[in-house]
1. Identify, please: which residue in segment 284-329 is touching a Leu at 6+ places or on another chain (Cβ under 8 Å) and among the basic types (Lys, Arg) and is, among those, most open to solvent (accessible area, probe 1.4 Å)?
2. Return the residues of segment 197-233 that are touching a strand residue (DSSP E or B) at 6+ places or on another chain (Cβ under 8 Å), open to solvent by 10 Å² or more (accessible area, probe 1.4 Å), under 18 Å from residue 267 (Cα atoms) and not in a loop (DSSP other than H, G, I, E, B); say none if nothing qualifies.
3. Can you go through 206, 132 and tell me which one is within 15 Å of the chain's Cα centre (by Cα) and over 19 Å from residue 88 (Cα atoms)?
4. Based on this model, can you work out whether residue 273 counts as among the small types (Gly, Ala, Ser), surrounded by fewer than 24 Cβ atoms within 10 Å (Cβ to Cβ) and under 21 Å from residue 203 (Cα atoms)?
5. Scanning segment 167-196 for residues that are out of contact with any strand residue (DSSP E or B) (no Cβ under 8 Å at 6 or more places or on another chain) and not in a helix (DSSP H, G or I), which turns out surrounded by the fewest Cβ atoms within 10 Å (Cβ to Cβ)?
6. Taking the options 59, 76, name whichever one is over 22 Å from residue 262 (Cβ atoms) and either open to solvent by 40 Å² or more (accessible area, probe 1.4 Å) or at pLDDT 95 or above (or both).
7. Can you name every residue in segment 371-417 that is open to solvent by 50 Å² or more (accessible area, probe 1.4 Å) and either in a helix (DSSP H, G or I) or within 19 Å of residue 507 (Cβ to Cβ) (or both)?
8. Filtering segment 481-502 down to residues that are assigned to a loop (DSSP other than H, G, I, E, B) and at pLDDT 95 or above, which residue is least open to solvent (accessible area, probe 1.4 Å)?
Amino acid sequence: MTTHQEDDVDPRIPAAQQTHATPQSTTARPDATPGLSRRGLLLGAAAALAAGPLAATAAHAATATTPATAPATRAAGATAAAARTPKVLVIGLDGAMLTRIKDSGAPNLAALMAGGLTAASSLYTSPMAGTSSGPGWSTIATGVWPDKHNVRDNNFTAPAFAAYPDFLTRVETANPALSTYVVASWAPIADTICSGRVDTRVATPSAEYDTGTTARAVARLRDGNPDAVFVQLDNVDHAGHSSGSASQAYLDAIRGVDAQVGQLLTAVRGRAGYVQEDWLVMVTADHGHTPAGGHGGSTWEERQTFLIANGSAFPAGSVRFDVRMVDIAPTALAHLGITADPAWGLDGTPVPALVPDDFDALRPQLTGRVDETGIPAGVLGFTRTAPAGWSVDNSAMGTGGVTEWRGWSFTTDEFWTKAQRDQNRELNVRSRNVFAVADSDEWADKTFQGNYDSTLVSPEYPVAGRSSVPVAFTTFYRPEGAQTARVLAVWDGGTPVEVKSYTADTNGRQRLDLAVPAGASRLRLRFRYTGSNNWYWVVDNVRVG
């Protein structure tokens with residue numbers, strides 16, 4: 001195994017205060033490209049753009065239909081793709097924001113979006129972890145959230161990578177014959193996050209920066225035979241720190257990194273065995289940036305990330321709202337034919353295997369704010385109308401209060417967290433798309449009478465002839481005072497029976513195995529929440545049977 005490691009940490013600055021916006025100079029190795037500066041990098045990128053970002057792919061015009069086609073030729077179809085050799089390229093664009101990528105007109109990234117999947121997503125905040133690179137890249141690489149991999153900042157104080165290794169390490173464990181490669185402008189990705197089991201780890205010398213990272217990745221993709229490649233480019237984050245995400249410099253940096261993405265794609269398409277290969281390309285980011293510059297906090301801009309996925313499993317021009325960053329690692333593994341073991345405890349799911357739930361069908365019905373003042377008027381993100389088969393029982397509910405949260409509501413991460421930042425709502429990372437929430441805290445922000453007492457009622461599920469039935473759902477519960485959260489089972493319309501209750505903070509997937517009473521044929525679930533200006537309970541992705 002080959003490992004090149006360079007340290008970009010300035011010993012004069014306390015580690016907790018450091019960013020990786022400005023790499024420190026180092027002595028170039030014999031295989032380094034000497035004399036490169038950030039100015040040279042930007043000039044080179046500008047020259048590449050002037051020449052045309054896809055100019056280098058002209059030799060492949062006979063096999064490429066349009067610039068927007070995926071690295072994998074779609075004409076062959078999924079059946080033919082299954083017969084080709086699967087390969088994965090993950091490209092990390094540090095600090096890049098999807099909205100600004102679209103604003104920049106970056107042609108290579110636009111082509112990948114047009115030819116595959118685009119999915120905006122959002123992150124946690126403290127106390128789970130800050131919106132910084134250590135937690136961000138660890139989450140992407142391992143497929144679990146920071147409360148499992150235990151990287152809370154850029155210090156890597158006590159990471160749990162032995163229990164939750166990076167996806168390249170899992171590839172090596174499952175099939176050592178596969179070739180794995182990581183190259184990163186930010187050294188901790190190669191040095192710390194990815195383990196020594198990865199075949200080749202390269203922390204690019206600071207003097208080379210993204211130009212060196214790109215050149216090394218291009219050489220490996222073009223001339224080697226890698227099966228799984230992880231490339232991280234840093235300059236967009238640099239521009240975010242220096243000038244802010246609202247700046248022209250940030251857009252210029254996106255255009256520059258887009259040209260480098262184009263070089264990587266050209267290397268893939270130029271491979272001698274390309275037509276016999278089934279490439280999955282995924283592009284993502286570890287966090288966003290404030291308009292003025294910086295990250296680490298809890299603003300919506302800092303919490304932004306995304307997935308662009310291009311390959312045989314992703315329809316051209318598709319958009320999803322249920323993708324999370326923990327899905328990238330299992331998606332890469334699944335593409336390589338590696339099935340995740342439930343014992344691994346992954347939080348993510350291969351994106352093609354994601355199945356929308358009943359709440360997700362409500363997205364077209366979501367409306368804007370009514371009483372809330374902190375949520376921008378243009379954000380569409382709530383309804384109190386339950387999906388088909390579901391209902392909300394507010395017969396014991398108090399009156400008045402904030403309209404949006406008067407009983408169980410259905411909402412999105414953006415709408416709910418913008419109601420009030422920094423009250424841990426941002427930690428609801430295991431819910432996807434549209435979810436159900438009972439929030440007595442926000443309800444009580446307007447004059448009310450009585451207590452919060454609302455019950456979310458499921459459809460009836462057939463259970464005839466079964467001795468037991470599995471029930472699963474995602475929950476995020478934050479308790480306070482006399483607040484209660486109870487799950488009740490109703491068999492054949494009878495008296496509700498409590499099967500689960502919560503008294504402590506809970507954030508994860510819940511699984512119950514309910515014994516079916518003799519002769520019972522139908523099961524209905526009731527999620528009853530009570531409180532009075534306390535906290536909240538989230539329920540999502542309910543599955544029975």
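The values are calculated or read from the model by the stated rules, or taken from the named source; none is laboratory data. Note that the structure is predicted; figures quoted are calculated from it, not measured. When we count neighbours, we look across all protein chains shown, and the Cβ atoms used for this are built from the backbone with ideal geometry, even at glycine. Each accessible area value is taken on the protein alone, full model and side chains, heavy atoms only, with ligands, DNA and RNA left out. Shrake-Rupley method; radii C 1.70, N 1.55, O 1.52, S 1.80 Å.
1. 320
2. Of everything in segment 197-233, those that are touching a strand residue (DSSP E or B) at 6+ places or on another chain (Cβ under 8 Å), open to solvent by 10 Å² or more (accessible area, probe 1.4 Å), under 18 Å from residue 267 (Cα atoms) and not in a loop (DSSP other than H, G, I, E, B) turn out to be 216, 220.
3. 132
4. On the way: among the small types (Gly, Ala, Ser): yes; surrounded by fewer than 24 Cβ atoms within 10 Å (Cβ to Cβ): yes; under 21 Å from residue 203 (Cα atoms): no.
Criteria not met by residue 273.
5. Per the criteria, the residue is 177.
6. Exactly one of 59, 76 is over 22 Å from residue 262 (Cβ atoms) and either open to solvent by 40 Å² or more (accessible area, probe 1.4 Å) or at pLDDT 95 or above (or both), namely 76.
7. 414
8. 483
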